[in-house]
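The values are calculated or read from the model by the stated rules, or taken from the named source; none is laboratory data. Small disclaimer: the values here were computed from a predicted structure and weren't measured. Neighbour counts run over all protein chains shown; Cβ positions are idealised from the backbone, glycine included.
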Amino acid sequence: MKIGILGGTFDPVHNGHIKVAEAVKTQLDLAKVVFMPAGQPWLKSDSPVSPAQHRAEMVRLAIAGRLGFELSLLEINRPGPSYTVDTIEEFRNKNGDGNELFFILGRDSLSQLPRWKEPSRLIELCRLVAVPRPGSKLPDLKELETLIPGLSSRLVLLDKPEVDVSATQIRKRVAEGLPIRGLVPEPVAVYIKQHKLYVV
Ligand code: ATP
């Protein structure tokens, strides 16, 4: 089975994530896309992140009723920082070796790949799918290949979709009392309001 994994902080999950998951699922003919909220995101450890239960619940609401979308609590339930390589390894151990795994990420995250834990081992365990992100240029692939040999043969570069939404923008809008309709699925907007998230 071809399975996509979309890892992220999801603080909050937004329509960019949903559109990316849908587009990659269709373009690569994936059986499903698993949303994997990070427990303790190591790259963002200096900025406060909402409690994992809120972030997971918003993902659950966002994907409810969407066929082929799943939520995994694997990272949230593992103590310590969230390293993708450990997550993919655990996912493989739990789901068997028979699947083809595609880790989905935005181009902004692709350029950070050399800073990730064991990127060479990561690309042995799964393929990477990079999607465009408004404002993010495609990193220098030759340079990335030098740093992570073999990457280019394990990387799928897509040129769609282009969705100009970020969680940072949503948190800022909420803090400023601006509407977020159209940026997040409606139940997520309701949840944010109910739980007074991002209000400073
Ligand atoms: P923040 O603004 O807090 O940094 P974010 O919007 O980037 O958050 P994350 O949960 O950190 O959201 O993103 C998870 C993954 O989804 C990352 O690989 C990121 O690059 C990708 N992603 C998020 N939003 C988009 C988007 N609009 N288009 C393409 N990829 C995206």
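What about residue 60, is it among the charged types (D, E, K, R), away from the ligand (no atom under 12 Å from the Cβ) and at pLDDT 95 or above?
yes
Looking only at the range 27-43, decide whether some residue is at pLDDT 95 or above, in a helix (DSSP H, G or I) and either out of contact with any strand residue (DSSP E or B) (no Cβ under 8 Å at 6 or more places or on another chain) or surrounded by 15 or more Cβ atoms within 10 Å (Cβ to Cβ) (or both).
Yes.
Using the structure shown, decide if residue 34 is touching a Ser or Thr at 6+ places or on another chain (Cβ under 6 Å) and within 14 Å of the ligand (Cβ to nearest atom).
Taking the combined requirement at face value, the residue satisfies it.
Would you be able to tell me the number of residues in the range 142-199 that are within 15 Å of the ligand (Cβ to nearest atom), modelled with pLDDT under 95 and either farther than 19 Å from residue 132 by Cβ or aromatic (Phe, Trp, Tyr) (or both)?
Total satisfying the criteria: 0.
Among the residues of the range 85-111, count how many are within 14 Å of residue 147 (Cα to Cα) and touching a helix residue (DSSP H, G or I) at 6+ places or on another chain (Cβ under 7 Å).
Selection size over the range 85-111: 0.
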